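Everything below concerns the one structure shown next.
Just so you know, all these numbers are worked out from the coordinates, no wet-lab data involved. Since the structure is predicted, the reported quantities are computational estimates derived from the model, not experimental observations. Cβ: placed from backbone, ideal geometry, glycine included. Neighbour counts: every protein chain shown.
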Amino acid sequence: MVFFFQNLVNALQWGSFYALIALGYSMVYGILMLFNFAHGDIFMVGAYIGFGVATGLVALASMGALALPTWLILVLTIIITMFLTSLVGMMVERVAYRPLREAPRASAAITGLMVGIILETGNLALLGARRVRFPTLIESTTYDIGGVFVTNKKIMIVVVSLLLMLALDQFVRRTKWGMAMRAMAFDYAIVPLMGVPINTIAALTFAVGSGLAAAAGILFGVAYPVLDPYMGIVFGWKAFVAAILGGRGSILGATLAGFLLGFIEIFVAMIFPSTLRDLIAYSIILLILTFRPHGFFGEPYSARLRL
Amino acid sequence: MNKRLTIVLLLILSTWVIAPAALCGKDTIKIGINAPMTGDIPKVGEGTKFAARMWLSDIKAAGGLKVGGKLYQVELVIEDNESKAESAVKVNIKMITEDEVLVIVGPQASKQAVPAGDVANNYRTAMITPWSTNPDTTKDRPYVFRGCFLDPFQGPVLANFITEEFRFKKAAVLYDVASDYPKGLAEFFKKAWEGLHGKGSVVAFESFTTKDPDFSSQLTKIKRSGAEVLFTPQYYNEVALIVQQAHELGWNKPIVGSDSWGSAETVQLCGKECFGLFFSAHYAAAGATGATKAFIDRYKKEHGYVPDDVAALTWDSLLIVQEAIQACGAITGNLDKDRRCVRDALARIKKFDGITGQMTFTEDGDPIKCVVIVKISDKGEYEFYKSVCP
Amino acid sequence: MFSHVPLLGWLLGAAIAVSLEHFLGTSLALALGLPKIPVLFGFVIMLKKPVLIPGAILYVLLIYFLSIGVTARLSASPANRLAAKLLSLPPWFSVAVHLGLLYATLHMWSGMSAYRVITLKLTLIAVMVTLSLNVINGYMGEFSCSHPGFMALGAYGASVFTVVLFVNDRLFGPSLLPAALAPFMFPVALIVGGMVAALGALAIAIPSFKTRGDYLAIISLAFMFIVKSMIENLEVVGGPRGLSSQPDCANLPTVFLWTVACVWIINNFVRSTLGKALNAVRDEETAASAMTVNTRRTKMVAFLFGAFWAGVAGGLFAHVLRYVNPSTFGIQKLAEVLAMVYFGGLNSVYGSIVGAVGLSLLSEALRPLEILKWIIIPLLLILLMIFRPTGLIAFKEFNVKNLIAPKQKREEEM
């Protein structure tokens, strides 16, 4: 039982990352019907920007220029990084997606892929091949709850992720912009006729998605403090799986799918030999899709690829 | 157009065209470096490049490489293999047939070294891979050599060390299943451990896939298995994560690593979590003396960090190559003959004192070296603990 | 000026250029101050040693442009007459003459350097892979990510076949048949590889073609991860260490012939009724279904067909390198293949050939730039996508008859 709960705790943390990244992916996918293959690399850029901001703030604090408690540094880092990464996301949209609005959907996916490669290589060229260590913002404390080991970091990560997901949900449901986004997801062609500028909404979508990726990047840095330029690739593709698995444009769907992916990976490794983890985990996803071909909350639709 | 101007222009152009011919001296020795500058392991490529450049600057400072009483200029042909097998093959062929290198150093990872070794062997050009531990790289290939020890040796050494040092009976292993170096070492360790303590004494044999940052599930399993020690033959970036997560999950028993821990970045990334742990290495940076220390200090001064094993092994490989070229006696200019001569000279080297230790070579071109057991001190330095020789 | 030069004329020009290079190349290169013949049209040498730029450009101009241009221009009318005569014979004969000329040119060109040979082989294989992915992503209009997986299956299928039969191997023991037979059985091995890949494709096709949508994308991606993980766990084929010592069967003529076969068969496939049905399914599935197209079956056949060729290409790949390992067939490969398909152009055999050749040569030519190369190539692709969103040559039929026909001037036709 203890064993199970320990894995549950592990899976919650691991799933939070997938869910946060998948949410950003799902925003772009649901609203603009685009595969954003640069998303994983925006996550990477977010983690690096977070690294820069956090290092800077820690340095300032230690010099005594800013008397800040560590938790405030973390909050500030998250806010500043989310903002900066949103700008990166909007730039990616401007450069790689907007010029291709009338093009086949898949072509835009390829430009996204290429932007991703540029971000990775650019990072490699700028910072060199060294891996960097994310500064320790939270001193890790481990609580032993009846044999289940939980750290304060784990709790923080899960709580912050859930808060962000809630905030996103409220944003999409309650605000004017959120409504415009939902309208765009509903019918791409009619939205401009209603006086909602497509470009603004598209940029906003990318900004929100990138902001979430940035938050995920910082949380990642807190939990797994080793960053390298290629760390976003695998996350990007797995979030892609989660976003589509969740169903088009469904926030709840993407969240659940992200957590599910995390749970599958952790629990498969718990039950089966961990060597077979990918094999079994992805076979399970294949099976799920066989029986539930529209994902969790997606409706059957006939997507014209606009070729 | 003004006729005179045309003539002047033509003259300038023709000198530009013809002049370079004079620049290409005949007395240069070309050495190919096949390294992964981009792709999965750019850090490995960087270390290779830096070590090679340092070696070159040494040669330049000496005015060239002295072979048979004559000084030759040395040129490095550094090519990027993008950490892809097919690319490494292309690079090797290009260096052999186009750049006409005398000898090749690299590729580093076995994924590239195995197919590239085939090429080098077919074109009768000596190749020495500093870092590839796969037996296939050098097997039945007279022209291919390596600069590192093989896994079958390191595994038993570590198993013996843990048994003698801690008197443990149950061990757990965590390794990357998709990467051939950790996987090979993990298997050899398991074999050796079970040879010492009987079947089933490796109570958990867990794996993950390259680039996974989360090992919580595997570590939870390991913790439950009742193992007394965790052996993880992983690279430094993963070591930092594994050790930290193990501690967060309440694991407070020893963790032991292999030579792949031997990078300055291990401690940098891992911090005080790693203090007090043991690993096997080619050399111990903190306790280093003589040439090893000189190399480390110099590398650190030039590039800002303590070199990892790739840089050190590349350095050693280049020195071995240098010795072989010098042993050759003369460079005739006949490439086929010179290449054969270098290969023969390489095969004749029976003993070599490198910065990663003294090595002797077997028939297959594999070195036999002593393994150093290193302890990470409370200051984060690599302290010499023990030396185990075959 | 060159508008009425038939393909035959261009090929003749290329053949002459290459033979010129063969006989005069070295002395010309030396005269121009180059250390040796520029291996890839001067790119590599130009980027490595900027002083040699004018020499390299001059060399390429003289050897390639000038001689091809002059020969094509001068031989235009005899070549046209010859092409016309050939056209009156059975079509296969004319095609064979063209292909023979093309092969002779490539053979001579690559004969100059082993580096050219390996570049050419891998480029031809890239053509096959790109083309087979274009069947799915272009003609069928789905987004499939499993091609590296199919290549891996093909590579391992073919390798296991040849290694078991013809090689004394550590993993599989002594060979069952004499090694001399290997070249003759090699086609069988490749077909086995293709079949294995097609079988794997069935695992994707059954769940994903029930509905329309993006689910194929993730199912195929999951499949790619599964294949990689499966091979890593199969100790029989070497696990992550990979499988080496395949017999040396994949020489240039073999690769060339298979590529030609692949282009020819895929071209016929997409122009057949089934291929047209495929386009119909892509453009309007309901309508196609109403017009008695069995949509599910059509998609399945095309998908398996594409997978088969990817498998064959994988088999060739394994035998060209004589080594395979699972990590070759990962996300990096996927990005490469996708880029080639979309760079060249969707729904077009020409496009795939141009895309694969273009990107392969570009990435080879820019190799000296190291890290910068991976900024320049993606930038180029983004620019291309912005200005030609469907790729360089999209939606163009590959018509062999038109290609080899003589090109008369308008007035002469009257």
Quick one: dipole size for the stretch A:48-130, taken about the Cα centre, charges +1 on Lys/Arg Cβ and -1 on Asp/Glu Cβ, in debye to the nearest 20. 120
Proxy exposure order for A:ILE78, B:ILE31 (fewest C-beta within 10 Å first) is A:ILE78, B:ILE31
Top positive-direction residue, dipole computed over the stretch C:1-152 with Cβ charges, set C:SER27, C:ASN134, C:ALA96: C:SER27
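Can you give the charge dipole size of the stretch B:151-281 about its Cα centre, rounded to the nearest 20 debye, using +1 on the beta carbon of Lys and Arg and -1 on the beta carbon of Asp and Glu? Can you show the working numbers first?
Numbers: 13 positive and 16 negative charges, 113 e Å.
I would put it at about 540 debye.
In the protein assembly as shown, how does Rg compare with the Kirkwood Rh, expressed as the Rg/Rh ratio over alpha carbon atoms? Please report the intermediate quantities before stating the final value.
Numbers: Rg = 30.1 Å, Rh = 31.1 Å.
Radius of gyration relative to Kirkwood radius: 0.97.
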Could you list the residues of the stretch C:232-254 with an amide nitrogen less than 18 Å from a label point located 7 Å from the Cα of B:SER225 in the Cα-to-C-beta direction? C:233
Just going by the charge dipole of the stretch C:277-343, with Lys and Arg at +1 and Asp and Glu at -1 on Cβ, which of C:VAL320, C:ILE331, C:PHE303 is farthest out on the positive end? C:VAL320
How many nm is it between the label spots at C:LYS276 and B:LYS170, if each spot is 7 Å from the Cα in line with the beta carbon? 7.2
Where Rh denotes the Kirkwood radius from the mean inverse Cα pair distance, what is Rg over Rh for the stretch C:54-180? 1.11
Roughly how many Å is it from the Cα centre of the stretch B:323-390 to that of the stretch A:48-105, as a whole number? 48
Can you give the FRET efficiency to the nearest 0.05 for A:PHE272 and B:THR362, using r as the Cβ-Cβ distance and R₀ = 30 Å? 0.15
Just to be sure I understand: of the beta bridges DSSP finds with both ends in the protein assembly as shown, what percent are antiparallel, rounded to 5? 50
Cα gyration tensor, the stretch A:180-307 - rounded (a/c under 1.5), prolate or oblate: oblate
Could you rank the peptides B:350-359, A:167-176 by their average count of other C-beta atoms within 10 Å per residue, with the highest value first? B:350-359, A:167-176
Mean separation of Cα contacts under 8 Å (6+ apart) over length of the stretch A:2-291, as relative contact order %: 41
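In Å, the Kirkwood hydrodynamic radius of the stretch C:7-111 over pairs of distinct alpha carbons?
Values: mean 1/r = 0.0676 Å⁻¹.
Mean inverse Cα-Cα distance, inverted, gives 14.8 Å.
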Between the Cα axis of helix B:42-61 and the main Cα principal axis of chain B, the angle (0 to 90°, nearest 10) is 50
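Where in chain A are the helices, taken as whole DSSP H runs, whose Cα atoms extend 18 angstrom or more along the long axis and whose Kyte-Doolittle mean reaches at least 0.5?
On the way: long enough: A:2-32 (44 Å, 1.21); A:39-63 (35 Å, 1.37); A:70-92 (32 Å, 2.31); A:105-127 (33 Å, 1.34); A:152-174 (32 Å, 1.09); A:198-223 (37 Å, 1.77); A:231-246 (23 Å, 1.76); A:251-271 (29 Å, 2.27); A:277-291 (21 Å, 1.80).
Qualifying helices, which must be both long enough and hydrophobic enough, are A:2-32, A:39-63, A:70-92, A:105-127, A:152-174, A:198-223, A:231-246, A:251-271, A:277-291.
What's the Cα-based Rg to Rh of the stretch A:2-291, Rh via Kirkwood?
So for the stretch A:2-291, dividing Rg by the Kirkwood Rh gives 0.98.
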Need one number: nm distance between label points at B:ASP140 and A:THR70, each 7 Å from Cα along Cα→Cβ, rounded to one decimal. 5.8
Leading residue at positive end of dipole, chain C (Cβ point charges), from C:PHE398, C:GLY149, C:ALA198: C:PHE398
Within the stretch B:210-229: backbone nitrogen closer than 15 Å to the A:PHE3 label point (7 Å, Cα to C-beta): B:217-227
How far, in degrees from 0 to 90, does helix B:180-197 lean away from the longest principal axis of the Cα atoms of chain B, to the nearest 10? 40
For C:GLY345, the residues 5 or more places away or on another chain with a placed amide H closer than 5 Å to its own amide H are C:LEU392, C:ILE393
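Taking N as the number of residues in chain C, what value does Rg over Cα atoms divided by 2.2 N^0.38 Å take? Please list the in-between numbers first.
Working: Rg = 22.6 Å, N = 414, 2.2 N^0.38 = 21.7 Å.
Cα Rg divided by the expected 2.2 N^0.38 Å: 1.04.
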Please compute the contact order of the stretch B:151-281 in relative form: average sequence separation of alpha-carbon pairs under 8 Å and at least six residues apart, divided by the residue count, as a percent. 24
Specify the angular offset, from 0 to 90 degrees and rounded to the nearest 10, of the alpha carbon long axis of helix B:290-303 from the longest principal axis of the alpha carbons in chain B. 70
Would you calculate the separation in nanometres between label points at C:SER27 and B:ILE7, each defined as 7 Å from the Cα along the Cα-to-beta-carbon direction? 2.9
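Counting every Cα pair in the stretch A:1-157, what percent are over 22 Å apart?
That tail contains 55 percent of the Cα-Cα pairs.
What FRET efficiency comes out for the pair C:ARG170/B:PHE275, r = Cβ-Cβ distance, R0 = 60 Å, nearest 0.05? Don't jump to the answer; show the numbers that get you there.
Working: r = 42 Å, r/R0 = 0.70.
FRET efficiency, C:ARG170 to B:PHE275: 0.90.
How long is the gain from A:ASP169 to A:THR290 if the chain were fully straight, where each residue apart is worth 0.36 nm and the alpha carbon distance is subtracted? Intermediate values should be presented prior to the final figure.
Working: separation 121, 0.36 × 121 = 43.56 nm, distance 2.89 nm.
So the chain would gain 40.7 nm between A:ASP169 and A:THR290.
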How do B:GLU381, C:GLU285 line up, fewest other C-beta atoms within 10 Å first? B:GLU381, C:GLU285
Residue mean of other protein chain beta carbons inside 10 Å, C:318-324: 5
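What's the FRET efficiency of C:MET108 with B:ASP336 using the Cβ-Cβ distance as r and R₀ = 22 Å, to the nearest 0.05? It would help to have the intermediate numbers written out before the result.
Working: r = 24 Å, r/R0 = 1.08.
It comes out at approximately 0.40.
Got a sec? How would A:GLU120, B:GLU323, B:GLU363 order by Cβ neighbour count within 10 Å, fewest to most?
Numbers: A:GLU120 26, B:GLU323 14, B:GLU363 8.
Fewest-to-most Cβ neighbours within 10 Å comes out as B:GLU363, B:GLU323, A:GLU120.
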Would you kindly state how much longer the chain becomes between C:LEU74 and C:LEU89 on full extension, computed as 0.36 nm times their sequence separation minus their alpha carbon distance, in nm to one decimal? 2.9 nm
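Using only the Cα atoms of chain B, build the gyration tensor, take square roots of its eigenvalues as a ≥ b ≥ c, and label the shape rounded, prolate or oblate: rounded if a/c is under 1.5, else prolate if a/b is larger than b/c, else oblate.
Numbers: a/c = 2.25, a/b = 1.98, b/c = 1.14.
Judged from the Cα gyration tensor, chain B comes out prolate (a/c at least 1.5, a/b above b/c).
Express in nm, to one decimal, how much length is gained between A:VAL95 and A:ILE198 on full extension, taking 0.36 nm for each residue of separation and deducting their alpha carbon distance.
Values: separation 103, 0.36 × 103 = 37.08 nm, distance 1.56 nm.
Fully extending the segment from A:VAL95 to A:ILE198 adds 35.5 nm.
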Taking amide H positions as placed in the peptide plane 1.01 Å from N, state which residues far from B:ILE78 in sequence (5 or more) or on other chains have amide H under 5 Å from it. B:ILE33
Evaluate the Kirkwood expression for the hydrodynamic radius of the stretch B:151-281, namely the inverse of the mean inverse distance over all pairs of different C-alpha atoms, and round to one decimal in Å. 14.3
With x for Gly and Pro, the residue-by-residue ³J(HN,Hα) of the stretch C:64-81, computed from phi through the Karplus equation 6.51 cos²θ - 1.76 cosθ + 1.60 at θ = phi - 60° and given in whole Hz, is 8, 4, 4, 5, 5, x, 5, 4, 4, 5, 5, 8, 3, 6, x, 5, 4, 5
Taking amide H atoms as placed 1.01 Å from N in the peptide plane, list the residues 5 or more away in sequence, or in a different chain, whose amide H sits under 5 Å from that of B:GLY354. B:MET359
In whole percent, what relative contact order does chain C give with Cα contacts below 8 Å and a gap of six or more residues? 25
Given chain C, longest segment not containing exposed loop trypsin sites (Lys or Arg not before Pro) (DSSP; at most 16 other Cβ within 10 Å): C:211-395
